[in-house]
Structure formats: C-alpha cells, structure tokens
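Inspection log for the structure reproduced underneath, given as structure tokens.
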Protein chains: 2
Amino acid sequence: MTSGNKSDKVNMKTLAAELKLSTATISKALRDSYDIGQETKQRVMEAARRLNYVPNVYASSLRRQSSNTIAIIIPEIADSFFSQAINGIESIIAPEKYHSLIYLTHDDYQREASMLSDLASGRVDGVIMSVASNTEDTSHIKTLQETGIPIVFFDRVCEDVNADKIITDDFNSAYIATSHLLQSGCKNISLITISGFPSILSAREQGYRKALADNGITIEETGIVTCSNKYNTENVGIIKEHLSTAMPDGIVATVEHLATSTYLACDELKLKIPDDVKVICFTNQITAAILNPPLTTILQPAYDMGKQAAEILFGRLSGRIITTEQELVMPSQLIARASTSSN
Amino acid sequence: MTSGNKSDKVNMKTLAAELKLSTATISKALRDSYDIGQETKQRVMEAARRLNYVPNVYASSLRRQSSNTIAIIIPEIADSFFSQAINGIESIIAPEKYHSLIYLTHDDYQREASMLSDLASGRVDGVIMSVASNTEDTSHIKTLQETGIPIVFFDRVCEDVNADKIITDDFNSAYIATSHLLQSGCKNISLITISGFPSILSAREQGYRKALADNGITIEETGIVTCSNKYNTENVGIIKEHLSTAMPDGIVATVEHLATSTYLACDELKLKIPDDVKVICFTNQITAAILNPPLTTILQPAYDMGKQAAEILFGRLSGRIITTEQELVMPSQLIARASTSSN
DNA sequence: ATGAAAGCGCTAACAA
DNA sequence: TTGTTAGCGCTTTCAT
C-alpha cells in the first residue's frame, strides 16, 4: 500500500474543498446537469479523475431511493437454461449501468420467501425471477409487489400473480415433440417428468396427452413416469424399471437431466437409441448435438427470454411501459437429431 | 394494491413512534444488543413483524461503511465451471446473509477494468474473481486492493498480484493427461488450446511438453494448435485442418469447447474416436460421460474452488485470517472414459 | 436501560 | 450559474 488507503477516501466534500465549490455544484457537474457551466464541469471532471473519486453508491441510493440494481432469482445456476438467461439479462442491464444480485432458491419455497422479503428493503429496483418448483403460496411475491417493486417472471411463472411473464409455449412444444415421435414410428410413448411446478410441467404433460389423443391413442397412466428433480442415480433406476415393464418405444423427457438419465438407463439395459427407443427432450445444452447418439431437442430460447425479461423490466422502471401486465410467449424450436431418427 | 404501498413505508421512526421509544433503542433492540431489556426487545420485534418492517440496507451500509455484499467477477456464466463455482461461493455466503453481485467481463480487459474501478465505491466488501484472458496490465486490480477491499482469485489468477489464490495444478494435470494418452498407445499427440491467459494455459502447455519430453518425444511446433476462445465453427475448421495434415492420434484439449469442436471435426472427417484419435479434455461438464463416445476428462473441482474462495474471503473480512496471501492448489481428477480407451 | 444528537455521502429544493 | 440547507434511514457515541 503506497498511496490511497482507506483514510484518504475522497468524496464530494474533498472535491468541493479542492475546487472551492459546493458539493451541490460538484454533484450536478458530475451528473452533467444543464445548469452548470462547461468550464466548471471540466474542472470538476478533471479533479474527480485526478483524485480517483468514485461516488458512494449507498449514499446515492439512500438519497434517491433507488439503487440501479436488480435481483435475479432463480432455482439453480449450474443449469444451462438459467445461465444463458442470465447472459441475456446481462446484455441489457450492463449497458445501462445496472447491477445484478443473484439469488439461488435451490428450488426451495422457504428460501425464496425469505429472499423476497429481504428485497422489500429497497435493495433492488426490480426483480426478474423464475419461481421455485414447490412454490404454491404466492403471498411473498404479492407482498413484494405491493412495495412498488416490479417483478418480471420468466420460464417458471406464477399463474395467480399479475406480473409480466416471459414463457415458452410448453403445451404446444410437447404436442409437437410427441407428434414428432409418432411420425418417427413410435407406438408406445412415455413421458418422463418430475413432480411439482405445474405451470410448465403440466402444460408439457397436457401437450403430450393431447398429441396422443389426437392420434387415437389412449394413455394408460403407466405412460407417465415421475422422477425426482435431482440429477441422481435413483432416477436411472426408476427409468430402467419403467423401460423394462412398460417397454416404451419413445420417450419424451421434460427436463434436461432426465434425458441423460434415460441415456444411462438405456445403456445399462442394452437398449439402442433410436432403434429400440427414441428420445426427445426439452433442453438447452449446446452439447446435445454430440451426445451418443445426438439428442433431438426442444430448445427454449433462454438467452432471448432473459433479454426480453430485462427489457420489459426496464420498460416498467423507466415508466415507458405502463400498460397492464403482458405475457410474452416465445417459440421453442424442435431440432431433430439421431435420437429420434426412423432407422 | 390494497395496503402497504410506497407511501406507508415503515422505518425505524415509524416503529419508534408506535412504541414510544427512540430510534436508537429500536436499532439496538433489533440487533439484539445487550443493553436493551428483554421485554423491550420483545415489543420491538413484535411491532417490526406486525408492521412488516424491513431495514433499509442503503442507510445501514452508508452508516456502517460496509455492505454485506461481495462481487463475483467472471469471464462467462454459460460455462459449467463458473456456474458450479458460483454455487460453491453461494453455499458459503448465503448462510452468512451476504449478497452477491455478478459481473461478466466477457473476457474483455476494458470491461473488467471498468467494473473494478466502479467497485472502489464501496459497493462491495470483497471480491472473488477469475480474470479475463487478455488481462495483462493489472493496475486496475491493484488500485482496488489499495482501497482496502480484499480480492480472492480463483482459477484464472494474476501472477503479479499479491492476493489469495485458489487454483488447480494445471501443469501436473496436463502432464498426467498427456501421460495417459501415451499409456493408451498414442505416438503423436497434439495440444489444442486457445491463446491468451498464461497462468493456466501455458501451465497446461508446459505439462504437455514435459510429459512428451520425459518420454523422449520431441515436439514439432505443429503439435500445438491455437484456436479462438469462442465456441464456433471456425475452430472446427482449424482442427479439421490440423487433423488432416499432422495426423495426430491423440488430442489434449485445454478447454471444454475445444473437445466438442474436436468431436465435430472428427465426425466430419470420419475419424473414429478413440480408434483413430484419442481425446482428453479439461472440463466440468457433467454430460461428458454421455458424449459420443464418453469423454475422458480432467475435472476441476469447481464447486469446491468457489467454496474455498468464499471461505478465505470471509476469513479476511472477519479478520480471522491476517496471514500473508496464500495460494491454495486443489487437485484435479482424471476420469478415464471411452474416448481414450486402448481398443 | 433508554434517549439525544451527530453524521455516513449524496441529492434536490430553493435561494441567491 | 452556483450555494445553502435539509434530509434519505440508520448506527453510534455519549448522556441521562
């Protein structure tokens, strides 16, 4: 430590003294206010640079009652979908000099609730979130909204909360996925899914059911397998069990890790994909293309969803958007690969 | 909005008025100070709960000159290594009620420098970072340190900055990776790497060279291929070119996306892995196991590196650690899979 | 055990 | 165009 340690912290008072001006003038000059002379502005800027002045954000936030900070609340981060979404959000907020606090709920309602209640402190100006899968009571969300902090949901939304929502059409995507398997020759298609989280998973299940129904196929309940929402070997066991008993020739996996578990299960049972079983999955892994065999996917536009969420949030924060809450449905994309090829 | 909109914001003054106490007493009671009576504490807590009091963090941070917030500065987030590291960091800071601001440098020195300079504002109490690959001038980092904010590096560290560092032994890992290929029968091993970022990549390159040298193999410079640090098709072209001309029978890929590019390049050239070319890669993708064929990896303990970084940072913040900066080397793990099997 | 008062650093009326 | 002043909401001496 040569110079510039904690003691000689330079603030507006320092600058004011240095230039024999008032802090008010400094403040205005730094924010490029119209009623400060060009020459003064120059002097202030120069001094600020020279003395390494950095404004204290807490003082500023306290005074302005706003923080240029948003919260991103998501279940997990080591998940390609959410990571890409964060990238999308960041692409919008970084140029605006906003900052983002990350909160991981680990899909736990309690944690989510306590995080939301903390945010009522005014720590952030707005929130972008994807709710935990076991969130049923939404009062913590409504309470935060009542403080005037705008919330934008993406992907995992709360049906009974009025807020902007960015989603993909899960019903339709599942319908298309299932139809794709039917067209590839499957006669006995199972859905492998996880419990909880109605707004997405049940939509996917409905789409799956509808596609079968529209093709005159009745679903025995055994066609739907519910796994745990963890990437673990237990799921592989459940899937193996199902493959051996129900003998499906097609699998729709509703989340990423279920496809990898399905691959492992097939491998252990010596079932060939796609000859014995065809697999399609909702996912965002860029590596899906080089799985063994390449996995047919329903790809959610994660980056763009994040980007849209941030744009709408900024619209609200700036007052540019004052219309009633909107629900934006973004298209998913079916990318056919070898895991569903007909022969 | 039924109740509780912005106007009736409840602060300490509200509580004080409600209970006919001073704000000083409220403040102490809420922080469970010893010189407040039990009964008073109860009353204060009850009122706080009843009126939904949430302390204003900006006022508190301003007054205390500390924020219970840290910055996590990383090149990318849609990268399994960094995501897992964030998880590790979060596992330590969340229980301590700390908050984390995420900054993505996109591997750009300019962005990194401007982010660091912003942090001199006192926005955060400490920083955990992995530096951009093209960062050479480290003055922005030293400047921030001089303000008294502790910085802990992980993975991508700055050699010439005195700070705590959490790294893996890249030299040794590359040595082991290369030896593994030699033991699997490779005679002509190439290193596929990216430019920039000396502390890690050059260590990996050195380890690769040493392993070859120790086995009496001279490296023609063509054995080292430098790609761009983007996941793109251009790299696939570069790798194809190299595979066709140098005809290596073994590839050490220094970063994740180069392995996937190598897979694609081999596929396009109809080269079979591992029969024609064996591949090993530094990575953290959980899906490596189900690639086609399963990819042999050198796995960095991403989660634990993040966790350690956070623990050391907290040690500094709390004054528990006052020793000179330490460099913690964490072991990588070689996981042999089919992409390097001998036949 | 409780309270009065000062002030963290900044911003925004309002005055000059 | 610049300055004065009064806080933002909280914490912390120092009194009482």
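What FRET efficiency comes out for B:Ile217 versus B:Lys272 if R0 is 30 angstrom and r is the Cβ-Cβ distance? Round to the nearest 0.05.
0.80
Using a Förster distance of 41 angstrom, determine the FRET efficiency expected from the C-beta separation of A:Glu325 and B:Glu46, and round it to 0.05.
Values: r = 35 Å, r/R0 = 0.86.
Rounded to the nearest 0.05, the efficiency is 0.70.
Please give the average number of partner chain Cβ atoms lying within 10 Å of the Cβ of each residue in B:9-16, rounded to a whole number.
So the per-residue partner count for this stretch is 1.
FRET efficiency for B:Tyr34 and A:Ser121, Cβ-Cβ distance as r, R0 = 22 Å, nearest 0.05?
My answer for the efficiency is 0.30.
Extending each Cα 7 Å along its Cβ direction at A:Glu96 and A:Asn134, get the distance between those two points in nm, one decimal.
3.4
Please count, across the range A:216-343, the pairs of lysine residues with Cα atoms under 25 Å apart that sit 8 or more places apart or on different chains.
For the range A:216-343, qualifying lysine pairs total 8.
Considering the dipole of the protein assembly as shown built from charges on the beta carbon (Lys and Arg +1, Asp and Glu -1) around the Cα centre, which of B:Leu119, A:Ala132, A:Ala16 is farthest to its positive end?
Ranked along the dipole, the leading option is A:Ala16.
Once the principal axes of the Cα atoms of the range A:89-189 are found, what is the range along each, listed largest first in whole angstroms?
Largest first, the range A:89-189 extends 56, 35, 24 Å along its Cα principal axes.
Answer rounded, prolate or oblate for the protein assembly as shown, using the Cα gyration tensor with square roots of eigenvalues a ≥ b ≥ c: rounded when a/c is under 1.5, else prolate when a/b is larger than b/c, else oblate.
Judged from the Cα gyration tensor, the protein assembly as shown comes out oblate (a/c at least 1.5, b/c at or above a/b).
For the pair B:Ser66/A:Lys230, report the inter-label distance in nm, with labels modelled 7 Å from Cα in the Cβ direction.
3.6
Of the trypsin sites (Lys or Arg not before Pro) in the range A:58-150, which ones lie in a loop per DSSP and count no more than 15 other C-beta atoms within 10 Å?
Those that pass, being in a loop and sparsely packed, are A:Lys97.
So which aspartates and glutamates can A:Lys9 reach, going by Cα to Cα under 13 Å and dropping same-chain residues fewer than 8 places off?
B:Glu146
Of A:Thr287, A:Thr296, A:Thr147, which is the most mobile in a GNM of chain A whose springs link Cα atoms less than 10 angstrom apart?
A:Thr287
Among the DSSP beta bridges whose two residues both lie in the protein assembly as shown, what percent are antiparallel, rounded to the nearest 5?
Within the protein assembly as shown, antiparallel bridges account for around 10 percent of the total.
Once you put a point 7 Å from the Cα of A:Gln110 and another 7 Å from the Cα of B:Ser342, both along the Cβ direction, what distance in nm separates them?
Placing both labels 7 Å along Cα→Cβ, they lie 5.3 nm apart.
Give the cross-link partners of B:Lys20 among the lysines, using a straight C-alpha distance below 16 Å as the criterion and excluding same-chain residues fewer than 8 apart.
Of all the lysines, those that pass the test against B:Lys20 - Cα under 16 Å, at least 8 places apart if same chain - are B:Lys28, B:Lys41.
Longest span of chain B, sites excluded, free of GluC sites (Glu not before Pro) in DSSP loop with at most 15 other C-beta atoms within 10 Å?
Formally, the longest exposed-site-free interval is B:221-343.
In the range B:195-246, what trypsin sites (Lys or Arg not before Pro) fall in a loop by DSSP, with at most 12 other Cβ atoms inside 10 Å? Write out the running numbers ahead of the final one.
Details: sites: B:Arg204, B:Arg209, B:Lys210, B:Lys230, B:Lys240; in loops: B:Lys230.
Passing both the DSSP loop test and the Cβ count: B:Lys230.
With +1 on each Lys and Arg Cβ and -1 on each Asp and Glu Cβ, how big is the dipole of the protein assembly as shown about its Cα centre, in debye rounded to the nearest 20?
With only Lys, Arg, Asp and Glu charged at Cβ, the dipole is about 2180 debye.
Along the positive direction of the dipole of the protein assembly as shown (beta-carbon charges: Lys, Arg +1; Asp, Glu -1; about the Cα centre), which of A:Ala177, A:Asn87, B:Asn229 reaches farthest?
So the residue we want is A:Asn87.
Could you give the size of the charge dipole of chain A about its Cα centre, using +1 on the Cβ of each K and R and -1 on the Cβ of each D and E, expressed in debye and rounded to the nearest 20?
Numbers: 31 positive and 40 negative charges, 347 e Å.
Roughly 1660 debye for chain A.
Of B:Gln65, B:Leu243, B:Ala213, whose Cα points farthest to the positive end of the dipole of chain B (charges on the beta-carbon: +1 Lys, Arg; -1 Asp, Glu; origin at the Cα centre)?
B:Gln65
Could you tell me which of rounded, prolate or oblate describes chain B, using a ≥ b ≥ c as the square roots of the eigenvalues of the alpha-carbon gyration tensor, with rounded for a/c under 1.5 and, failing that, prolate when a/b is larger than b/c and oblate otherwise?
Prolate, because a/c is 1.5 or more and a/b exceeds b/c.
Under 1.5 on a/c is rounded, so check that first for the range A:186-333, then, if it is not, pick prolate when a/b is larger than b/c and oblate when it is not; a ≥ b ≥ c are the square roots of the alpha carbon gyration tensor eigenvalues.
Here the range A:186-333 falls in the prolate category.
Since every read-out is calculated from the coordinates, none of them should be taken as a lab result. Fair warning: this is a prediction, and the values are worked out from it, not measured in the lab. Here the Cβ is made from the backbone with ideal geometry for all residues, glycine too, and neighbour counts use every protein chain on show.
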